[in-house]
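*Asks:* One structure is given below, represented as structure tokens, and several questions about it will come after.
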Amino acid sequence: MAIAFPDRASWLRQLAYHQEQGVAFDRQVDHGMTHSLYIHDPNGYGVELLHELPYNTWGGDIQAAPNYVKPIPTEESGVLEDDQEDVPVFTSAASD
């Protein structure tokens, strides 16, 4: 199951809340189109918490962005350091 948050600030608030509650963070990833955190609910089901990056960062090459994966720290304060300055922008070779 995936839960999408309307913006980065809402997503970061949820990450902070889950961290305060002691929820184990399995994996956090910059997917090129989204920033996603993966956790498990109390029954063991996988849950993805995500926010979509602005369309102008990935809309130029819809094929490349989904194939991009950059791990993000899942420990301590690194979880809440969602870098918006180092976000790749995907453009198609045809538009270059």
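*Asks:* Would you confirm whether any residue within segment 66-83 is modelled with pLDDT of 90 or more, among the small types (G, A, S) and on the phi < 0 side of the Ramachandran plot?
*Replies:* Scanning segment 66-83, I find no residue that is modelled with pLDDT of 90 or more, among the small types (G, A, S) and on the phi < 0 side of the Ramachandran plot, so the answer is no.
*Asks:* Next question. State the number of residues belonging to segment 21-40 that are open to solvent by 20 Å² or more (accessible area, probe 1.4 Å) and either of a type outside the set (D, E) or within 17 Å of F5 (Cβ to Cβ) (or both).
*Replies:* Residues meeting the conditions: 11.
*Asks:* Separate question: Filter segment 13-55 for residues that are outside any strand (DSSP E or B) and under 20 Å from V69 (Cβ atoms) and give the result.
*Replies:* Residues of segment 13-55 that are outside any strand (DSSP E or B), as a first pass: 13-26, 31-33, 41-45, 53-55.
Answer for segment 13-55, where residues must be outside any strand (DSSP E or B) and under 20 Å from V69 (Cβ atoms): L15, F25, D26, H31, G32, M33, L53, P54, Y55.
The values are calculated or read from the model by the stated rules, or taken from the named source; none is laboratory data. Predicted model, so just to flag it, every value in this text is computed and none were measured. When we count neighbours, we look across all protein chains shown, and the Cβ atoms used for this are built from the backbone with ideal geometry, even at glycine. Surface accessibility is based on the protein's heavy atoms, side chains included, excluding ligands, DNA and RNA. Shrake-Rupley method; radii C 1.70, N 1.55, O 1.52, S 1.80 Å.
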